[in-house]
1. So for Arg284, Arg345, Arg136, what's the accessible-area order with a 1.4 Å probe, most first?
2. For Lys655, what accessible area in Å² do you get when you roll a 1.4 Å probe over the heavy atoms of the protein chains, rounding to the nearest 10?
3. Got a sec to turn the phi values of the range 161-170 into Karplus ³J(HN,Hα) couplings, 6.51 cos²θ - 1.76 cosθ + 1.60 with θ = phi - 60°, whole Hz, x for Gly and Pro?
4. Once phi is turned into θ = phi - 60°, what whole-Hz ³J(HN,Hα) does the Karplus curve with 6.51, -1.76 and 1.60 give for every residue of the range 189-202, x standing for Gly and Pro?
5. Give a residue-ordered list of calculated ³J(HN,Hα) values for the range 123-132 (Karplus: 6.51 cos²θ - 1.76 cosθ + 1.60, θ = phi - 60°; whole Hz; x for Gly, Pro).
6. Please pull out the direction-averaged projected area of the range 656-769, using the convex hull of its alpha-carbon atoms, in nm² to one decimal place.
7. Within 10 Å, count the other beta carbons around each residue, average over each peptide in 622-629, 225-232, and list them highest first.
8. So, in nm, how far is label Glu724 from label Asp156 when the simple model puts each one 7 Å beyond its Cα toward the Cβ?
Amino acid sequence: MAEPDPEPIAFGAGQRLGAPETLGISTLDPAHRPPAMPPGRHVTVRVRMLDDTEELFDVSQKASGKVLLDLVCSHMNLIEGDYFGLEFQNHQKIIVWLDHIKPIIKQLRRPKHTILRFAVKFFPPDHAQLLEELTRYLFALQIKQDISSGRLTCNDTSAALMVSHIVQSEIGDFEESKCRSHLLNNNYIPDQMPLIDKIMDFHSRHIGQTPAESDYQLLEVARRLEMYGIRLHPAKDREGTRLSLTVAHTGVLVFQGHTKINSFNWAKVRKLSFKRKRFLIKLRPDLNSSYQDTLEFLMASRDCCKVFWKICVEYHAFFRLYEEPKRKPKPVLFTRGSSFRFSGRTQKQVIDYVKESEFKKIPFERIRPSSQHLSNVTSELEDFPSYQSSVQSNIAEQDLRNRERHCSGPLTPPQPRSGTAAPALDSYSYSEQNGCTGSNSPCLSASACHPHGMVNGQKSLELCGHSPGGRQPSPLTSPLLNDAGSIRTDDEDEVRRKRFPTDQAYFIAKELLTTERTYVKDLEVVTVVREDGILSPAYLFAPALDGVLLFNFHTLSLLELEKACRSCPRLEDLCRDFELQKVCYIPLNVFILRPLHRLIHYKQILERLCKHYPATHVDFRDCRAALADVSEVVEQLQGSLIKMENFQKLLELKKDLTGIDNLVVPGREFIRLGCLSKLSGKGLQQRMFFLFNDVILYTSRGMMPTNQFKVHGQLPLHGMTIRESEDEWGVPHAFTLVGQQQSVVVAASSLAEMQKWMEDIRVAIETAKTTNGLSSDLLTSSLSGSKCPEDSAVEAESEDETAASQTSLERPAPHRGNTMVHVCWHRNTSVSMVDFSVAVENQLSGNLLRKFKNSNGWQKLWVVFTNFSLFFYKSHQDDYPLASLPLLGYSVSVPSDSENIHKDYVFKLHFKSHIYYFRSESEYTFERWMEVIRSATLSSSGARGPSNKESRPH
């Protein structure tokens, strides 16, 4: 495998590929290793990459074509390599794809003198299905080649718009002289000179657009063109008319010149075959169609027919099948036809692999001449003062000391070992690719970038600067354990732990202290902007309020903040930018409601303390009196708090969705959100569904810079029916939503998920029959009607391409990419409002020792459990978490004997191949961590909570 040059490399325009050095450790999966090489004589093969550089690869002659492709992908650290292939000109001067199954020696007559081209082989209908930034960049390079060669034909407006995005990614923000000079020296399209002014005009509108955003917008324009991904194969019909055949994800297409005149969807095609020069398409019988049963096209030769037939077979298998077709056994005596079959992962398998494995590789780093604009972007909230308060911490500290007076034995608090510094996270990594995700979506603001560098997918606290490309972290992040930063426990630690008090009251009081520390930190985040512009912490006066007044204050704050944001765009921008800061690790509105949630926590802690103390204990009467007072306040606020949580959730979802208006209206209740696969003409496609008490919305997660979900359609619940339809459609866990205007077939990821959805939808339908309050307030959308655009015909290119690509000209505002909506999308699960309510009650903070599956050391971390996630800090004094681990989909258990974890109070978190061990200090804290974590993990594995109509238990 070709090694990266250690010397500095001069990158020209468009040359951003390379294999970065491996400087860190992968935390979740092994590195993207090169494939195993079969024994035998080796040969050097030359491959021309998409950026026109050439690489040499040393492979065995007996190696299959798949081995060479895997070697190329490994060299680039490309995970989604299944979209690509290696093409070359065979001895008959025909451009063919390197066969995955056949040995290289049987395909390349003269390997040393053959140049293979690495190119895009399968063009998906939506580039949002490409989960890696590197993959989208390679697609962008392919589009750049196609428009330059004239293969991707389009009108002048589309061409100028695409070139402007290419120029933005290569030279950065618009400067007239630099842009004009660059266009004069670089020819991107045939006959470029007349379009230079139009290109510059478009380029001037892309200020601040990162290379990743430019790639995304380039693909957004290109995918709308009729010739996108088209590779023409000359043919004639029965009358001798010159035509061209091609294949796409939808089926076989027929072109005359550069105009599509016919298409045969995969659902209509019964069989594809060839006989000598004749290419045959056998259609399924259709009484309403005038087509013949079998269509015949004449191609130049038998080899041309076979080449086209092969790519048709591969396209059909890649986009239509769930898994790679199994190889048929060879006949013993006679063979009929070709034995060729598709080899490799299907698109569904590729997407599932990237999502489920949460693979994180070396980050793809772009280098371009001009990126100065990033250093000039500042956040208006960057200079927020850091407030320190010990008012409530002192209360908890004093309470802890009071508890200690009643404990037996010496009460020496645990101290770090002499000669050791405070435990630190030396580095950590992100586990989703995203997935981006969030992680795959380009970061828009430098204020949202992390101030620590990333190396090999990990962030080192010793590095300074911002992450390459300014990418935001994935919503599915996980801290990394590094031997250099881990704390190894030994006999000295065991002795120190045994000096802890054994009275459970000590640990109950300590829980009050640890959770109070997090509570105070959360209150420091919530600030009030006075008329003089000075920011003051809300918690300075919050403790002075009684329960009801406290509720009214924070309710008013939430309502007034939403009202003020609607009337003041600048305030809305400030709040949105602030949510992108690392200190705002959960949605901003949740911080405002924290004092109300804290009352529930006080009640739970006092209940445990009263249950522990005997009636004769000196503190029993005081604890009972305090519990009575808190319980009375909680009972008064219970109903109103549920309404406020629903209001807060609607506000949060409003930010997660685009293409929909008036989501937050009186009477609307959120019930469930999560992933379902929607059946359409293109097969099963992953969609995010949102169930309310009056309507169901279905959306898709585009790789747009805003990190939002685009609403495709809505299904009113009034008059809807629901039925299981697994047998009807042959799709596991499928059910049909039959509305008054349209029906939608969806499939859940598991039987438990299907039952949750069907139960909640049935209850919501029954409720909608008796309530008509929202019938006149149906959601209005920027979409034209409620039908999903994905079910309509392929969009035709129009002259007014700027209207279709408005999002590429108006740079939208960024949004949080790590909300529970994104987590559910990546984990393919769902969460109900009942789950959110339970999560409010189950919050915990404290120190834990943590180790990974294959590591020896234990690392001490300050861990906060909230919002279905574990947030990791170096210490409780840190202002923001270093990383987080969403727990939806995980299971929690006790390690088995075979795992050789010979420590007390250890619990294990397990999700697919990812295993983490956490160690607590006592039996009480162990049981508490198990209890709260189960509240987040069981909801995704079929455990049912109370129905939506039940209130939280008192």
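1. I get Arg284, Arg345, Arg136, largest accessible area first.
2. That residue has around 70 Å² of solvent-accessible surface.
3. Along the range 161-170, the couplings run 5, 5, 5, 4, 5, 5, 5, 4, 6, 9 Hz.
4. 9, x, 6, 7, 3, x, 9, 4, 5, 5, 4, 5, 4, 5
5. Result, rounded to whole Hz: 9, x, x, 9, 5, 5, 6, 7, 8, 9.
6. 7.3
7. Order by mean packing, descending: 225-232, 622-629.
8. Here the answer is 6.2 nm between the modelled labels.
The values are calculated or read from the model by the stated rules, or taken from the named source; none is laboratory data. Just so you know, these numbers come straight off a predicted model, no measurement behind them. We place every Cβ from the backbone using ideal geometry, glycine too, and count neighbours over all the protein chains shown. Note: areas computed on protein heavy atoms with side chains; ligands, DNA, RNA excluded. Shrake-Rupley method; radii C 1.70, N 1.55, O 1.52, S 1.80 Å.
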